[in-house]
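The values are calculated or read from the model by the stated rules, or taken from the named source; none is laboratory data. Predicted model, so just to flag it, every value in this text is computed and none were measured. A quick note on method: Cβ atoms are made from the backbone with ideal geometry, for glycine too, and the neighbour counts reach across all protein chains shown. Side chains included, ligands, DNA and RNA excluded: accessible areas come from the protein's heavy atoms. Shrake-Rupley method; radii C 1.70, N 1.55, O 1.52, S 1.80 Å.
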Amino acid sequence: MLDAASPWAPLLPSARRVTLEVLLHGPLARSELADRLGLSTASLTRLTKPLVDAGLLREVDTPNPRGGGRPLQPLDVDPDVQRFIGIKLAGFRAYGVLTNLRADILDSASVDITEHDVDAVVARIADLVASLDDAGRPVAAIGIGIGGVVHGFARVQRAVFLHWKDVDLGAAVSRATGRPTVVSNDLDALLEAEHWFGDGRDVDSFAVLTIGAGVGGGLVIHDRLVGGPDSGLGLLGHFPVDPLGPICPEGHRGCVKALLTTDAIQSQAALTLGRPVTYDEVLDLVETGDAVADQIVGRAAHAFGTLIAAVANIAQPERIILTGEGIRLAQVAEARVRAAIGQSRHPEASPIDLRFLNDDPTLWARGAAAVAIQRTVLAVLPLRAG
């Protein structure tokens with residue numbers, strides 16, 4: 001019988017491969033699973049029987065599409081075999097979710113972050129974990145997503161909003177909670193969640209673009225997250241789209257950061273309208289026909305469409321997912337976003353499969369949980385702090 005607290009570590013690579021395929025694509029009929037993995041029926045039966053006996057896999061009754069006879073019994077992972085906590089760490093608040101093995105959210109909570117001292121933040125994270133964890137059924141691992149540069153799934157090299165440099169957050173939280181902890185850039189975590197459990201699970205390549213306080217983007221190509229040493233620096237935000245546009249805080253004229261962030265749009269609107277306005281108020285004014293707000297948002301929509309087209313032209317992903325706390329702009333001005341995409345694409349190019357994800361803190365916390373799930377399933381978690 002597998003250890004319910006850690007059923008993955010003892011699995012042989014072949015058994016892990018079978019279970020991972022079912023986790024990501026199940027429920028699957030045995031014949032389809034054998035075809036996907038290039039296994040004979042006898043080999044698949046030999047591999048799956050102990051996994052079913054241990055409770056990691058289970059048979060699910062479904063109607064026989066041919067009618068009559070015994071119902072089909074495809075294999076599926078039991079999503080309740082393990083639970084995880086994902087945390088989105090922001091400057092003034094930490095948002096947490098409790099999930100099952102498929103990153104379905106079972107519960108959520110949040111805590112205020114009033115100090116940026118590392119020990120104080122770790123203490124608040126531990127409080128958040130305690131509010132979601134169950135001593136009778138402890139979570140298998142904790143994932144933390146943070147806006148910044150993260151190395152080795154543990155060490156925060158740079159997080160501007162917390163004024164941190166070179167902080168071993170993974171080890172600190174593991175010591176405070178007694179749970180294995182993995183840390184990742186929050187956008188990378190969101191990409192992994194969509195890759196395994198969301199809108200990217202049925203394609204080999206996709207991109208995610210986010211707009212809000214910043215502009216971010218990431219790619220999964222051939223089922224692998226594209227990363228590098230500068231991941232987390234927000235370099236996409238400085239992609240130039242308008243040579244006559246405003247200047248961003250770093251001095252780049254007409255980059256998407258200067259045109260698309262919530263602060264940029266609020267500042268342009270306040271300057272033109274002669275009064276302070278919130279981001280949502282600007283978009284509300286567009287919907288009521290205000291010409292000034294419409295011009296500002298239209299310019300931003302054109303910039304966003306140009307950026308989307310550039311990503312599509314360069315990376316050629318099968319799908320592009322749009323999200324972030326500022327995503328309402330693309331929904332209010334969707335026609336202008338799509339028009340700008342068309343202006344920057346070859347007329348014979350394939351239509352871009354655009355997906356919108358409404359932004360929510362739990363979306364990002366779920367991403368962090370998905371990374372913890374990945375590292376657990378692949379048996380590459382750090383050792384639990386004693």
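Under the condition of being in contact with a Leu (Cβ under 8 Å, 6 or more places away or on another chain) and not hydrophobic (A, V, I, L, M, F, W, C), which residue from region 109-132 is modelled with the highest pLDDT? Per the criteria, the residue is SER110.
Looking at the structure I just gave you, is ALA135 among the hydrophobic types (A, V, I, L, M, F, W, C), surrounded by fewer than 15 Cβ atoms within 10 Å (Cβ to Cβ) and farther than 16 Å from VAL173 by Cα? Yes; evaluated as a whole, the condition is true for this residue. For the condition open to solvent by less than 30 Å² (accessible area, probe 1.4 Å), modelled with pLDDT of 90 or more and farther than 30 Å from THR272 by Cα, ALA258 does not qualify. Looking across region 326-358, the residues that are buried (at least 17 other Cβ atoms within 10 Å of the Cβ) and touching a residue at least 60 places away in the same chain (Cβ under 8 Å) come down to GLY326, ILE327, LEU329, ALA330, LEU357. Every test in (1) in contact with a helix residue (DSSP H, G or I) (Cβ under 8 Å, 6 or more places away or on another chain); (2) not in a helix (DSSP H, G or I) is passed by GLY251 save one, and that test is (1). For region 292-304, the criterion of being touching a Phe, Trp or Tyr at 6+ places or on another chain (Cβ under 7 Å), surrounded by fewer than 22 Cβ atoms within 10 Å (Cβ to Cβ) and of a type outside the set (Asp, Glu) is met by none of the residues.
Determine, yes or no, whether LEU271 is among the hydrophobic types (A, V, I, L, M, F, W, C) and open to solvent by 60 Å² or more (accessible area, probe 1.4 Å). Yes: the conditions hold for LEU271. In region 221-239, the condition of being free of Cβ contacts under 8 Å to residues at least 60 places away in the same chain, touching an Asp or Glu at 6+ places or on another chain (Cβ under 6 Å) and over 30 Å from ILE146 (Cα atoms) is met by no residue.
In the set GLU318, GLU287, only one residue is of a type in the set (Asp, Glu), closer than 23 Å to LEU190 by Cα and touching a residue at least 40 places away in the same chain (Cβ under 8 Å); that residue is GLU318.
The lone criterion from (1) open to solvent by less than 40 Å² (accessible area, probe 1.4 Å); (2) modelled with pLDDT under 90; (3) outside any helix (DSSP H, G or I) left unmet by LEU44 is number (3).
Against the criterion of being open to solvent by less than 20 Å² (accessible area, probe 1.4 Å) and closer than 25 Å to THR272 by Cα, LEU322 does not qualify. Of all the residues in region 30-41, those that are open to solvent by 30 Å² or more (accessible area, probe 1.4 Å), among the hydrophobic types (A, V, I, L, M, F, W, C) and either in contact with a Gly (Cβ under 7 Å, 6 or more places away or on another chain) or part of a helix (DSSP H, G or I) (or both) number 0.
Scanning region 12-29 for residues that are under 27 Å from the mean Cα position of the chain (by Cα) and part of a loop (DSSP other than H, G, I, E, B) yields GLY26, PRO27. State whether one or more residues within region 86-97 are touching a Leu at 6+ places or on another chain (Cβ under 8 Å), open to solvent by 10 Å² or more (accessible area, probe 1.4 Å), free of Cβ contacts under 8 Å to residues at least 60 places away in the same chain and not acidic (Asp, Glu). Looking through region 86-97, none of the residues is touching a Leu at 6+ places or on another chain (Cβ under 8 Å), open to solvent by 10 Å² or more (accessible area, probe 1.4 Å), free of Cβ contacts under 8 Å to residues at least 60 places away in the same chain and not acidic (Asp, Glu).
When restricted to residues that are at positive phi and touching a strand residue (DSSP E or B) at 6+ places or on another chain (Cβ under 8 Å), region 217-261 contains 3. Scoring VAL297 on the criteria (1) of a type in the set (A, V, I, L, M); (2) outside any helix (DSSP H, G or I); (3) over 23 Å from the mean Cα position of the chain (by Cα) leaves a single failure, condition (2). Consider VAL156 carefully, then state whether it is open to solvent by less than 40 Å² (accessible area, probe 1.4 Å) and either at pLDDT 95 or above or over 30 Å from ALA123 (Cα atoms) (or both). So VAL156 passes the test. Restricting ALA193, ALA172 to residues that are under 24 Å from ARG328 (Cβ atoms), in contact with a strand residue (DSSP E or B) (Cβ under 9 Å, 6 or more places away or on another chain), open to solvent by less than 20 Å² (accessible area, probe 1.4 Å) and of a type outside the set (D, E, K, R) narrows the list to ALA193.
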